[in-house]
Amino acid sequence: MRARERWEYLSRAPLIGWDLIARGQHRFEYDLMPVAVRGMSAAARLNLLRSGLNLFWRRNKPWGWPLHMQVELTSYCELQCPVCPAGTGELERDAKSIDVALVEQLMQEVGEHLLTVSLWGWGEPLLHKRLERILEITSRYPCAKLLSTNGQQLNHPRVQQALRAHPPTYLIVAVDGLCDETNSVYRRGAKLQPLLDGVRALAEWKRSTGATLPILHCRFIAMRHNEHELPALPQFCTDAGFDMATVRTLSIVDTPVDRHNGLIPASELLRAYSYQDNQRARRSDFVCQHAFTFPTLMADGRLVSCEQDHNCSQAYGTLKPGVTFSDLWRSDRASSIRRTIKESPEKFSFCRNCPYADRPTSSCSIQSLHLRPGIPGVGD
Ligand code: SF4
């Protein structure tokens with residue numbers, strides 16, 4: 001989050017407080033996706049106020065529970081995307097599917113307080129054999145459920161059944177090219193057909209049943225090889241049955257920079273960062289919030305400050321029976337890691353290469369298109 005964005009948030013505090021106290025709801029935008037969390041318990045409302053204060057104080061031992069969580073369902077993927085550590089083989093962790101019991105344990109402890117739960121990490125979540133059970137567990141909580149996929153398993157009956165039985169709020173599908181030739185430059189090994197068949201089947205099922213979720217969201221990362229396709233994106237998404245689309249900038253990941261550089265779009269308007277002499281221009285107005293409100297549970301049960309710590313180099317510890325989320329979240333080790341992130345982030349390689357620090361806004365997406373009227377929030 002940028003320093004000025006913190007003050008913008010503060011200026012909206014009276015409206016947020018009224019919505020929260022009088023209506024038990026919180027409406028916000030999450031990476032250009034409109035979200036409304038309704039039916040918040042008194043404890044969840046109080047936690048939002050406490051965590052809001054933490055936006056400014058950033059206590060090493062936070063006052064509240066996290067507001068957002070990333071839960072990595074699998075740490076493996078069938079594609080070989082060139083800057084993703086799972087795709088390049090740079091992930092130094094075993095290929096794992098998260099234990100469903102851990103998801104249950106986590107959600108029982110923090111689910112009531114969350115605004116969003118993002119069900120992916122550095123692997124492909126639809127490869128998890130018990131996806132339906134995980135969606136069922138998260139469906140019991142009022143937070144927005146976000147599921148992001150490369151779409152290669154989207155036409156599989158097991159996946160269609162899971163998404164219809166317990167629809168996430170947003171199903172985010174990566175389309176990084178409007179034909180196989182351009183899509184597979186970055187999504188190496190991907191085909192558009194299974195993705196498009198899966199989206200069409202879900203769109204048809206929604207239309208015939210009147211279901212409003214999942215919101216079918218096409219996410220297009222603008223890169224050098226696909227930026228010329230952007231004018232055709234709205235029609236492509238409408239024909240495919242998507243409800244909305246966003247154009248996203250290509251973030252850096254803590255992997256070799258030269259691989260990333262070849263993908264940067266020619267148009268400066270589509271770049272995540274400014275460049276001077278071929279170097280990313282550094283900014284000094286970034287205030288990290290991840291470590292204080294947005295941790296990640298990896299597929300092997302390790303809890304980290306931020307999804308960018310993809311090799312768990314600074315894990316708080318491992319969630320398991322007998323070790324609660326609270327034990328890890330409020331531990332001295334977590335406190336010490338947060339202090340380093342706050343005071344000397346250059347000590348951690350994932351913070352040195354933080355994808356959020358040098359971009360002009362917190363949001364990674366730069367444009368959204370609503371293709372159908374009435375994109376609903378949670379609880380609509
Ligand atoms: S990489 Fe480091 S500085 Fe950036 S958001 Fe994550 S924890 Fe914060």
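The values are calculated or read from the model by the stated rules, or taken from the named source; none is laboratory data. Computed from a prediction, not measured in an experiment: that's the story for all the values here. For neighbour counting, all protein chains shown are included, and Cβ atoms are generated from backbone atoms with ideal geometry for every residue, glycine included. Ligands, DNA and RNA are excluded from the accessible area calculation, which covers all protein heavy atoms including side chains. Shrake-Rupley method; radii C 1.70, N 1.55, O 1.52, S 1.80 Å.
Computed quantities for the displayed model
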read-out: Protection proxy ranking of 244-251, 135-142 - average other beta-carbon atoms within 10 Å, highest first; value: 244-251, 135-142
read-out: Hull volume in cubic angstrom per residue (convex hull over the Cα atoms of the range 23-121); value: 154
read-out: Under the span-like rule (Cα at least 20 Å along the axis, Kyte-Doolittle mean at least -0.5), DSSP H helices of the chain; value: 42-57, 192-209
read-out: Area of residue 352 that stays accessible when all protein chains are in place (1.4 Å probe, Å², to 10); value: 110
read-out: Residues residue 38 and residue 109, FRET efficiency given R0 of 30 Å [Cβ-Cβ distance, rounded to 0.05]; value: 0.90
read-out: Ranked packing of 89-98, 122-131, 193-202, 6-15, most packed first, by mean Cβ within 10 Å; value: 122-131, 193-202, 89-98, 6-15
read-out: Percent RCO, i.e. relative contact order, over the chain, from Cα pairs under 8 Å lying at least 6 residues apart; value: 21
read-out: Per-peptide average of other Cβ atoms within 10 Å, ordering 172-183, 290-301, 268-279 highest first; value: 290-301, 172-183, 268-279
read-out: Per-residue SASA entry for residue 27, accessible area with 1.4 Å probe, Å² rounded to 10; value: 110
read-out: With DNA, RNA and ligands ignored, accessible area of residue 26 (1.4 Å probe; Å², nearest 10); value: 10
read-out: Gain in span if fully extended, residue 27 to residue 346, counting 0.36 nm per residue against the direct Cα distance; value: 111.4 nm
read-out: Radius of gyration and maximum dimension Dmax of the chain, Cα, Å; value: 19.8, 55
read-out: The range 78-193 - Rg over Rh from alpha carbon coordinates, Kirkwood radius; value: 0.98
read-out: Solvent-accessible area per residue, Å², over the range 59-161 with all protein chains present [probe radius 1.4 Å]; value: 34
read-out: At R0 = 45 Å, FRET efficiency that the Cβ-Cβ distance of residue 361 and residue 101 yields, to 0.05; value: 0.75
